[in-house]
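Working notes, structure below.
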Amino acid sequence: MEKNELEIDIKVPNQTRYLSLIGRIGEDIAKELVRYSGNRETLAYHINLVLTEAMVNAIKYANADDPDKMVHIFINITDDELLIKVFDNGQGFDINSVPPPDFEKLEDRGRGIFIIKTLMDCVSYRKVSDGNVLEMSKKLR
Amino acid sequence: MNLNIEQKNEIVLIYVKEERLDAHNSGELKLEMQKLFEGGKKNILVDLKDVRFIDSSGLGALVSGFKNAISHQGNLKLSTLQPQVKSMFELTRLHRVFEIFTSTSEALENY
């Protein structure tokens, strides 16, 4: 690992009570990124938010609220990029088929993926050996 | 979740006493508002002063309450949003839907 590199690998039970813990870890890491040229407080809030949204996607939809499953979160920060991976064991979905929210219609749901795609530079969702991974990254420079 | 509920004339004032309004607790707020409308209440004011963080589920619970209010010929308004919370309403264009007031007293005067 390079000297500016940081890596976090966490597994938590598939339960929404862990959202705040993981969100807070992401937020605290972002606050320490002195090399980030933008507003660090805003970045920190956004990282908390995208981690929360990605975990909810894994917990409620991919892992179908099964409390015995696990959600695996991987965060890697290099000199110029922040990368987050959230792994689930569910059926998966096609991220490109999720439509953007219709702003004229008032739906209760359907804003999570839009928020992630808006706040991060690169977002993908793909199959891996025992499930799927939602991968999202943000340039730091 | 921690909710303080007060009645001010014809308006039910809900103080959300949580730092986060997210997928873990927003279902309770949604249910509480649903019970109030079903019990004959028409106007709800949700005060978000203590809420520092909101996710799409938290926004969804408020949208659900708003739609419920309209279908009961009432209204649901919001007050005292922290800047980052307000920015989430702007990101999802929901600031065009909700009437948002900077203080609880100002909101109460506008029903």
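One table, with the values for the structure above:
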quantity: Qualifying residue in segment B:91-98 (condition: more than 10 Å from chain A (Cβ to nearest Cβ), surrounded by fewer than 20 Cβ atoms within 10 Å (Cβ to Cβ), without any contact (Cβ under 8 Å) to a residue 60 or more places away in the chain and touching a strand residue (DSSP E or B) at 6+ places or on another chain (Cβ under 7 Å)); calculated: yes
quantity: 2 or more residues of a type in the set (D, E, K, R) and touching a helix residue (DSSP H, G or I) at 6+ places or on another chain (Cβ under 9 Å): qualifying strands (runs of 3 or more DSSP E) within segment B:1-71; calculated: none
quantity: Selection count, segment A:25-43, where residues are within 12 Å of chain B (Cβ to nearest Cβ) and crowded, with 16+ Cβ neighbours inside 10 Å; calculated: 3
quantity: Lone unmet requirement of (1) facing chain A (nearest Cβ under 9 Å); (2) basic (Lys, Arg); (3) on the phi < 0 side of the Ramachandran plot for residue B:86; calculated: (1)
quantity: Residue match in segment B:16-25 (condition: within 10 Å of the chain's Cα centre (by Cα), within 14 Å of chain A (Cβ to nearest Cβ), buried (at least 22 other Cβ atoms within 10 Å of the Cβ) and within 21 Å of residue B:6 (Cβ to Cβ)); calculated: no
quantity: Filtered residue count, segment B:72-86, keeping only those that are within 21 Å of residue B:9 (Cα to Cα), touching a strand residue (DSSP E or B) at 6+ places or on another chain (Cβ under 7 Å) and assigned to a loop (DSSP other than H, G, I, E, B); calculated: 2
quantity: Candidate set: segment A:90-107, residues that are farther than 17 Å from residue A:54 by Cβ and charged (D, E, K, R); chosen: the one nearest to the other protein chains (Cβ to nearest Cβ); calculated: A:107
quantity: Within segment A:108-130, tally of residues that are facing chain B (nearest Cβ under 7 Å) and surrounded by fewer than 14 Cβ atoms within 10 Å (Cβ to Cβ); calculated: 1
quantity: Of all residues in segment A:101-130 being touching a Lys or Arg at 6+ places or on another chain (Cβ under 9 Å) and not in a loop (DSSP other than H, G, I, E, B), the one that is nearest to residue B:98 (Cα to Cα); calculated: A:119
quantity: Count - residues of segment A:44-84 that are free of Cβ contacts under 8 Å to residues at least 60 places away in the same chain, charged (D, E, K, R) and either surrounded by 15 or more Cβ atoms within 10 Å (Cβ to Cβ) or within 13 Å of chain B (Cβ to nearest Cβ) (or both); calculated: 3
quantity: One residue from A:10, A:59, A:75, A:25 being assigned to a helix (DSSP H, G or I) and over 26 Å from residue B:65 (Cβ atoms); calculated: A:25
quantity: Verdict on residue A:87 being surrounded by fewer than 18 Cβ atoms within 10 Å (Cβ to Cβ), away from chain B (no Cβ under 14 Å) and more than 9 Å from the chain's Cα centre (by Cα); calculated: no
quantity: Restricting segment B:87-103 to residues that are under 16 Å from residue A:118 (Cα atoms) and not in a loop (DSSP other than H, G, I, E, B), the residue that is farthest from the chain's Cα centre (by Cα); calculated: B:91
quantity: Residue check for residue B:38: acidic (Asp, Glu) and in contact with a Phe, Trp or Tyr (Cβ under 9 Å, 6 or more places away or on another chain); calculated: no
quantity: Condition met for residue A:101 (crowded, with 19+ Cβ neighbours inside 10 Å and either more than 23 Å from residue B:60 (Cα to Cα) or of a type outside the set (A, V, I, L, M) (or both)); calculated: yes
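Here, each number is a calculation from the coordinates, and none is a lab measurement. Please read all numbers here as calculations on a predicted model, not as lab measurements. Note that each Cβ is placed from the backbone with ideal geometry, even for glycine, and that neighbours are counted across all protein chains shown.
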